[in-house]
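I have placed the structure first, in the form of structure tokens, so that the comments after it can refer back to it.
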Amino acid sequence: MYNVEAYVERCLRSLEEQDIPGNEYEIICINDGSPDDSRGVVKRLQGEFDNIILIDQENQGVSVARNHGIEKAAGKYLMMVDPDDYMKPDILKERLDLMDRYHLDVGLIGYTILDEAMEEEYHYDPLYNTADVITGVQLINKLMRDEITEEVRDPHRSVSMFFRREFLNSFDLRYLVNVPYLEDGELLARTMCLAERTSFMNGQVYMRTTRPGSATHSRLYYSEKSRDGFLKAAYNLHSFKLQYCRDKEQKGYINTSIIHFTLLSITSLEPWHYFRNYSRLRTDLKGGVLRKLDTEGCSERYRKMSRHYNRSIHCFYLYWIFYRMIQSVKIIIKYSVLNRIRRTNG
């Protein structure tokens, strides 16, 4: 919790409106040195509900906070919930039964994204056969195929998922510290690479909100702190690949994730910052194991971007600027056509 006083009660009450007894699950709230009264809201609700646990820590960011919660957790399964989001009522029992019945390491559930007016902006409900137990890499590949055909929003996240705690602990799977942006994606890559039993669990039950001032809707992506985090994630995943990846599917998935974070360290640089930081960027990227990206098992899209990067950082950045320009033109044309249709029909 950090500056979520206005949202955390809604979140907690939604987590209490479930179809299993309150003494069978715990809600762990990590107060990450929040300067507002988020802590006071939780203390008040602790007087109403017995299963809320409050942990205070100095402000250290979401990765440390979630790791702290994982260490404290006693349950068989874990679920990460952002305090400005909430859950639909009476959804836990069915999904926990599925986790048990199929001995899943990870279960993915559907989610809805709400805009600032709390109107539905997007939803993802995979509607797969819940008895279809597959590896984590196979599940992610299905999700990525959906992304191509259905424009899946935010596939690199660890909310709206159930994790078996013993599985996470057996591989010491924790969020990488000092990755302030897309820390979910880095952990997800390692987790799904190692997960042997995963499945989709149908239903749009996790409600994601759009909050002004959140990390996703701030300038954090363009900060030096985020660029350092992207590089740290890429290097960590490279080490992970050498230690754990054995088959072609695993290597292809992790290669894609390494490419993703490596290129984010470049695309997060705005043009006037790119040339100013180029010397340091070249040292960080081309002076080590990321000097040439491995594209084995990757999609054509990632192969194409990597070919430009492997020629030179400049080559990739120019390609990226041109790509962004083309996308912007397409969006302008799309909205121009839509407005013309509205005027014609209106």
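The values are calculated or read from the model by the stated rules, or taken from the named source; none is laboratory data. Since this is a predicted model, take the numbers as computed values, not measurements. Reconstructed Cβ throughout: ideal geometry from the backbone, glycine too, with neighbour counts over all protein chains shown.
A few remarks follow.
- The residues on offer are Gly61, Gly33, and the sole one that is modelled with pLDDT under 95 and either more than 23 Å from the chain's Cα centre (by Cα) or not polar (S, T, N, Q) (or both) is Gly61.
- One residue alone among Leu127, Leu139 is in a helix (DSSP H, G or I), modelled with pLDDT under 95 and in contact with a strand residue (DSSP E or B) (Cβ under 7 Å, 6 or more places away or on another chain), and that residue is Leu139.
- Condition check for Leu168: assigned to a strand (DSSP E or B) and surrounded by 19 or more Cβ atoms within 10 Å (Cβ to Cβ): no
- Unmet requirement for Tyr302, which otherwise passes all of (1) touching a residue at least 40 places away in the same chain (Cβ under 8 Å); (2) in contact with a Phe, Trp or Tyr (Cβ under 9 Å, 6 or more places away or on another chain): (2)
- Residue list for segment 275-293, filter: free of Cβ contacts under 8 Å to residues at least 40 places away in the same chain, assigned to a loop (DSSP other than H, G, I, E, B) and not basic (Lys, Arg): Gly287, Leu293
- Failed item in (1) surrounded by 14 or more Cβ atoms within 10 Å (Cβ to Cβ); (2) under 18 Å from Tyr25 (Cβ atoms), with Ala74 passing the rest: (1)
- Remark: pairs (first residue in segment 97-120, within 13 Å of Met79 (Cβ to Cβ) and assigned by TED's automatic domain parsing to the domain that holds Ser158; second residue part of a loop (DSSP other than H, G, I, E, B) and of a type in the set (S, T, N, Q); Cβ separation under 6 Å; 6+ apart in sequence or on different chains) = Ile109/Ser160; Tyr111/Ser160.
- Exclusive hit being surrounded by 19 or more Cβ atoms within 10 Å (Cβ to Cβ), among the β-branched types (Val, Ile, Thr), in contact with a Leu (Cβ under 7 Å, 6 or more places away or on another chain) and modelled with pLDDT of 95 or more, set Val106, Val42: Val42
- Any hit, segment 299-316, residues being part of a loop (DSSP other than H, G, I, E, B) and under 15 Å from Ile258 (Cα atoms): yes
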